[in-house]
Amino acid sequence: MTQCTLNEPLKKRVTHDKIKSYRTAPTARRRQTMHEDTQLGGGDSRFPQTAHTAVLNTRSQDAGVRERAFGRLVQGYWKPIYKHLRIKWRLSNEQAKDSTQAFFAHVLEKGVFAKYEPGKAAFRTYVRMCLDAFVSNELKAGRRQKRGGGRAVLSLEFDAAEDELIRYGPQPATDPAALYEKEWIRTIFSAAVERTQARMTTEDKTVHFALFERYDLADEQTRKSLTYDQLAKDFDLSTSQVTNHLAAVRRVFRAFVLEEIRDMTGGEAEFESDARRLLGVRVS
Amino acid sequence: MKWLDDTTLEHLREVADWPDFSGTRYKVLEAIGQGGMGTVYRAEDRELNREVAIKVVRDPEFDADVAQRMLNEARIVAQLEHPGIVPVHDVGTLDDRRIYYVMKLVRGRRLDAFVTDNTTIGARLRLFERICETVAFAHAQGVIHRDLKPQNVMVGSFGEVLVLDWGVARSSARQPIASTPHETNKTRTGTPMNENETLTRMTAMGTTIGTPAYMPPEQALGHIDRIDERSDVYALGAMLYFLLTGRAPHSRKHLADAGDDIPPPRKVNRRVSKQINAVCMKAMHADPEHRYDSAESLRTDVARFLGGDAVNAYRERPIERLARIVSKNKAIVAMVAAYLLMRILLIIFS
């Protein structure tokens, strides 16, 4: 059972129209909030010193900060949640869409994110446990009806997530918790790629990103058959330019990955642990 | 948004962790190891045209104490010029503030992997002697390693022995070589961990550091004021235990399990003699006062054993002494026996 007591400031402002405003069309929102991020600078590879994560900001006194934090967390978690519902709870895609929406409505209504206590569990584990408790209760009560009078309240790209499941679906024996974890990591890295692209475009370094896309985002087979010399020929650059351009994009990408991890985790200890795990130690 | 498949995801993780050495004399070639503090890469020193190993600490953003440990290690190793200690060539900081240091590239195998081969106990003990020599040298320079374990020893292609990972070492004058601003008073006795994992906290009272499976009790309990050369002697004894039995002495995953009983090596492996069993148990005595007082005296006892002499750790019974003397002087005993037999035969048939 999710331990949810009503959070008064949140409760007052909960409306489905309000929820609808947390659109998660990612690029638009990211660009909009870009100036609020710690500046990474062109050649500056220093790490962002974000003082507050999205998780912590869900407790902010400032309603605007809370709203943005909720939007960020929806953005970071909806896909792992949707796939978890599809795989663990074996919901149909329509049921999973509905339950994802319903879960976020429940989270906002009950202030679930704000009740997270760092130290008890990783934030993503907390979200998964809340989700499982929520779905279990819904199933017991036999009410998996749509929230908001049957209309979709969050603009989420469910079709893309469903397509990924169909095309790259997990093996039947995959542990749902492991799948959820992997999807969370994938979301972090995908978001970092997207932000890197936006940054490179802003700085008029599209060639840099094109190299990154061609080499680092290629599938394994393509990457293995590709050399820096070949890239240099294809892009009419010298090999050392290819090396330097790729290094520059990777620096920015790394900083964004760290920023994404920080935003999606519930505190410094969790951030440190996840950053070590994702960037320091290979998990095989 | 482009779908990132699992292999691309794994590649991106490596890419994001890959150190950027552009603008330096080094060119990173491949990652060759992961340690408690960071990643070790094989790299090319373009100025001297030679291959080196570069250890890059993980992000100092979240690993400031590890960064400090690495500097600590570089400074300590730079002071210790010995064939059993890998020399440091260079130390620096990357643009992203990660610290690195460059050292000789060692080709070989870790001791724990090496002994899985069909090596005899005698061959293992000869390796152990050389480890003791290196540690004794460090002690003579006033440095205590504090994290000795088979995983921190490399055996080179020519049988040379190298003691690695001096990141948690400290001066035996009971002062860390480099103090850290991140010292804490936390005791991590309840922290579950891998038996080979090194705790990364620096040393304040009540704080533990080292690897539980090879750690002396005073270290496991965080009594750092009691840590001295004899703590390394204990860890050497624990390594000897591993060399004799193929397993670590402690199975503890938690530091709180500091007082677990250790079955003597001879109980685990019947081929272990009583003498070397006693040497091992003396080195690993729970009370530092009852251990060898130095790595050198431990090495000497092991050398005595290998030479067929009596060891200080074991009081022989007369029959055992006789058996040892016979065993040590097989040729002489055989000649004397043959001579006596001939004399007896001559007496009988004359």
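Couple of notes before you dig in:
- Percent RCO, i.e. relative contact order, over region A:154-284, from Cα pairs under 8 Å lying at least 6 residues apart: 24
- In sequence order, region A:104-119 has phi-based couplings of 5, 5, 5, 4, 5, 5, 9, x, 4, 4, 5, 8, 4, 10, x, x Hz under the Karplus curve 6.51 cos²θ - 1.76 cosθ + 1.60, θ = phi - 60°, and Gly or Pro positions carry x.
- Integer Hz, Karplus 6.51/-1.76/1.60 couplings in order for region B:243-248, x for Gly and Pro: 5, 7, 10, x, 9, 6
- Residues whose placed amide H lies under 5 Å from that of B:V52, excluding near-sequence neighbours: B:A43, B:E44, B:D45
- Couplings for region B:152-164, taken from phi via the Karplus curve 6.51 cos²θ - 1.76 cosθ + 1.60 with θ = phi - 60°, read 9, 10, 10, 10, x, 5, 9, x, 6, 10, 10, 8, 10 Hz in order; Gly and Pro are left as x.
- Amide H contacts of B:T39 (H built 1.01 Å from N, under 5 Å, at least 5 apart or other chain): B:V56, B:R58
- Placing dummy labels 7 Å off each Cα toward the beta-carbon, the span from B:A140 to B:M335 is 3.6 nm.
- Charged side chains reduced to their Cβ positions (Lys and Arg at +1, Asp and Glu at -1) give region A:158-284 a dipole of some 560 debye around its Cα centre.
- Probe 1.4 Å, all protein chains present, accessible-area order of A:F253, B:F158, B:F242, B:F349, largest first: B:F158, B:F349, B:F242, A:F253
- FRET efficiency, 1/(1 + (r/R0)^6) with R0 30 Å, evaluated for A:T201 and A:Q230 via beta carbons: 0.75
- Between A and B, roughly 3600 Å² of accessible area is buried in total, ligands, DNA and RNA not counted and the probe set to 1.4 Å.
- Model label points for B:R317 and B:T93, set 7 angstrom from Cα along the Cα-to-Cβ axis, are 6.6 nm apart.
The values are calculated or read from the model by the stated rules, or taken from the named source; none is laboratory data. Note that this is a predicted model, so its numbers are computed, not measured. As a convention, Cβ positions derive from the backbone with ideal geometry for all residues, glycine included, and neighbour counts pool all protein chains shown. Keep in mind that these areas ignore ligands, DNA and RNA; they rest on the heavy atoms of the full protein, side chains included. Shrake-Rupley method; radii C 1.70, N 1.55, O 1.52, S 1.80 Å.
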